[in-house]
Amino acid sequence: MRILGDIERAFASSLYPLRLPLAVLAIAVVVVLTVVAWRRGWFAAARRHPARTAVAAIAALILVVPAGWYFASPLVIRTELREAAPVVGAIDPAAPAATPAPAATPAPSATPVPAASVTPPAASTPTPAPSAAQASPSPTTTPVPAPVVRTGEFSGADEFHFGRGRAILLETGPGSHVLRFEGFSVRNGPDLYVYLSPDPAGFADGAIELGRLRATDGDFNTAIPDGVDVSGTRSVVIWCKEFAVLFAVAPLGG
C-alpha cells in the first residue's frame, strides 16, 4: 500500500493546491467527451445493446463505488469527542480534621435533705442537641488537575493534510501519563493512529503506538500504557498506518 501513499503525497503536495483550475479542466474534459460520444454515435450504440450496456455499467459501479467511498469518505466524514481533562485525587489540606466528642461526665449523686427544707426547683430551659450542620466536617477529597509535563501545537503535513490544536502530556501518577488533545482537528483518513515519536519533525523508528485516533475533532484523552518511558518523546504524530502518510505533528516543548 506504500505506492498508494506515494500517490496520495504527490496529490497533496502537487495537485491539491491547484484544485480549482483542475476542477474547471475536469468539467471541460467531461463536456468534450460527451460531445464526441454523441457525434460518434456511442449513445445510440448503447441504446441498441441495453443488456451489454447494463452489464458494463454494473461492473464499473462494483469496482468504482467501493474504492471511491473508501478513499473519498474521509473527506466528508467527521467525528467529534468531548471529554474532561484527567485529574489526580488528593486530600484537601485545608479541610479540618474531625474533633472527637468529649467523654461523658458522670452525674453527681443525690444528697438527701430534710423534707421541710425541700424547695421546688426552678424550671430549667432544655439545651438543644447540636445539629448535623454544626458537626465537625470529615476529611474530603478534592480533585486536583493532572500536572502538565509538556505541550505542543499541531500542524498539518501539508495544505491537504491539515492539523491544529494542542497536544498535552499529563502525569496522572508516578509513572502514569495521559495524552490530551485540546481544540483538536485533523483531516480524516482511512487508518489514522496516534504515536509518540522521538523525532520532533514527525514519525520515526522507535515511535510508540497509542492506538487509533479516537476522533477527528474535539477535546479528549488517549491513555499511555503504564511503564512507558515518555522522556524520549519529542512529538505527537497522527499517522496513516496503512499508507504510511503523515497527517499532523505536534512537537513537544519542555
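Taken together, the values in this text are just the output of simple stated rules run on the coordinates, not laboratory data. In this text the structure is predicted, and so the values were computed from the model without any measurement. Quick reminder, even Gly has a Cβ in these numbers, built from the backbone with ideal geometry, and neighbours come from all protein chains shown.
Each residue of segment 156-163 was assigned a 3J(HN,Hα) from its phi angle through the Karplus expression (A = 6.51, B = -1.76, C = 1.60, θ = phi - 60°), giving x, 5, 7, 5, 6, 7, 7, x Hz with x at Gly and Pro.
For residue 215, neighbours were defined as the other residues whose beta-carbon sits under 11 Å from its Cβ, and their charges (Lys and Arg +1, Asp and Glu -1) total 0.
Extension gain, residue 58 to residue 171: 0.36 nm times the residue separation minus the Cα-Cα distance gives 35.1 nm.
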